[in-house]
Structures are given as structure tokens and as C-alpha cells.
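Engineer: Just dropping this structure here.
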Amino acid sequence: MSRLRHVQTAFVQDQFQVRTSFETEPYEAGWASEAIAFVYVRAAPAAPVPAPDANTGFAVRPALWVRAQISADGRRWIDDERLPGISQAGNYRLRLTHFGNWLRLVGETEGLSGDEHFVIDTYWVFKE
């Protein structure tokens, strides 16, 4: 007899504006065997031809870097999977297994100026 898998979806952030950095609330998910983080980028800064960075001479495009963090106790965090730098609106995901008990997403931006920001929605989907 087949068993129905337990699934839980957690809506984490809605139209959250990221200017510098962020971290989501931690989720206790030790019961789950897999987790998928969904990051929906609703808006990204326009990407004009970027000016060269003063230190390196290389052009820096606005980017959002998002990674999952894992924790045994919900207080001390270890970096896990990471998305490649995001520079445009779109839908992105991270798949995780073997993550212990607690999960959260963290992120930073680079190359933004003035009022520029990313607008994101984030979700966790957990499966037993």
C-alpha cells in the first residue's frame, strides 16, 4: 500500500524590497526529507551598461546573491546551497536535502546605487 507524502508550503516574504541584505525567519523542518526554496524576483534594477569598478576595472552589474543556511539549533548558521547571481526578474529555486533541523534564506546585493532595489517573494516547500 502506498503512503501519501506530507507536504507543507510556507509563504515567507511578499514583495520584499532588498537594497543591501536580508535574512528570512528560520523554519524548523527536521521532519522533512527535502526542502525547496522558491525565490520569485518580481523586479530587478535596470541594467544599463555598467561603469567599471574603481578597484578592479571590471564592470559590476546589479546582482542579488541568495543562499540557504542550515542550523542544528536555529541560532548558529552554516551556508549551504547558493543561487548564481541574479540580475533580472524571474523564478529561481534551491533544492536541499540532509539539512538538519532549521533552514533560512539570506542574501546580499551588489552594484546597486541610489534607490535601486530588488523586489522578491520567497517560499519554502517541505516534503516528508
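The values are calculated or read from the model by the stated rules, or taken from the named source; none is laboratory data. Since we're looking at a predicted model, the values are computed, not measured. Virtual Cβ from ideal backbone geometry, glycine too; neighbours counted across all protein chains shown.
Engineer: Looking only at segment 91-123, which residues are among the small types (G, A, S), part of a loop (DSSP other than H, G, I, E, B) and on the phi < 0 side of the Ramachandran plot?
Structural biologist: S113 - this is the single residue of segment 91-123 that is among the small types (G, A, S), part of a loop (DSSP other than H, G, I, E, B) and on the phi < 0 side of the Ramachandran plot.
Engineer: Determine which member of the set L112, L105 is over 15 Å from E23 (Cα atoms) and either more than 13 Å from the chain's Cα centre (by Cα) or buried (at least 17 other Cβ atoms within 10 Å of the Cβ) (or both). Steps first, please.
Structural biologist: On the way: L105 fails: over 15 Å from E23 (Cα atoms).
Of the residues listed, the single one that is over 15 Å from E23 (Cα atoms) and either more than 13 Å from the chain's Cα centre (by Cα) or buried (at least 17 other Cβ atoms within 10 Å of the Cβ) (or both) is L112.
Engineer: Scan (1) within 20 Å of F11 (Cα to Cα); (2) part of a loop (DSSP other than H, G, I, E, B); (3) at pLDDT 95 or above for the single condition G74 breaks and write down its number.
Structural biologist: Only one criterion is unmet by G74, namely (3).
Engineer: From the list Q88, Q69, exactly one residue is under 16 Å from F22 (Cα atoms) and either assigned to a loop (DSSP other than H, G, I, E, B) or of a type outside the set (G, A, S) (or both). Which is it?
Structural biologist: Within the list Q88, Q69, the selection yields Q69.
Engineer: Taking segment 72-119, which residues are β-branched (V, I, T) and either more than 18 Å from P45 (Cα to Cα) or in contact with a Gly (Cβ under 8 Å, 6 or more places away or on another chain) (or both)?
Structural biologist: I78, T97, V106
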